[in-house]
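Enquirer: Pasting a structure here, questions to come.
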Amino acid sequence: MTELWSYKDIAAHIKVQPDTVRSYRKHGLLPPPDRVEGGKPYWYPDTVRRWVAARPSNRRG
C-alpha cells in the first residue's frame, strides 16, 4: 500500500502543529489532497515534499 500523510504527518514534517496545516489548507496554501478517505484528506509524501520545497518561507538567502 502506498503511504499517505495526514495533517499530523505533514505537521511533523514541517515542524508545526496540525491545526497550522489545517489553516494552510483552509487558506488555499496547501496542495489539494491526493486522496480523501472517510472525509479525511491525505497527501502522498512526494506531494508534500514538492510543496515544502516551493514554499516562499523555505527559501534561504
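Enquirer: Out of segment 1-60, which residues are assigned to a loop (DSSP other than H, G, I, E, B), over 10 Å from the mean Cα position of the chain (by Cα) and without any contact (Cβ under 8 Å) to a residue 24 or more places away in the chain?
Expert: Passing the criteria: M1, K15, V16, Q17, H27, G28, G38, G39, R55, R59, R60.
Enquirer: Mind telling me which of the residues R35, R25, R60, R50 ends up being open to solvent by 80 Å² or more (accessible area, probe 1.4 Å) and modelled with pLDDT under 95? Walk me through how you get there before you give the answer.
Expert: Details: R35 fails: modelled with pLDDT under 95; R25 fails: modelled with pLDDT under 95; R50 fails: modelled with pLDDT under 95.
Exactly one of R35, R25, R60, R50 is open to solvent by 80 Å² or more (accessible area, probe 1.4 Å) and modelled with pLDDT under 95, namely R60.
The values are calculated or read from the model by the stated rules, or taken from the named source; none is laboratory data. Quick caveat: nothing in here was measured; it's all calculated off a predicted structure. Cβ: placed from backbone, ideal geometry, glycine included. Neighbour counts: every protein chain shown. To get the accessible areas, we keep the full protein, side chains included, count just its heavy atoms, and leave off ligands, DNA and RNA. Shrake-Rupley method; radii C 1.70, N 1.55, O 1.52, S 1.80 Å.
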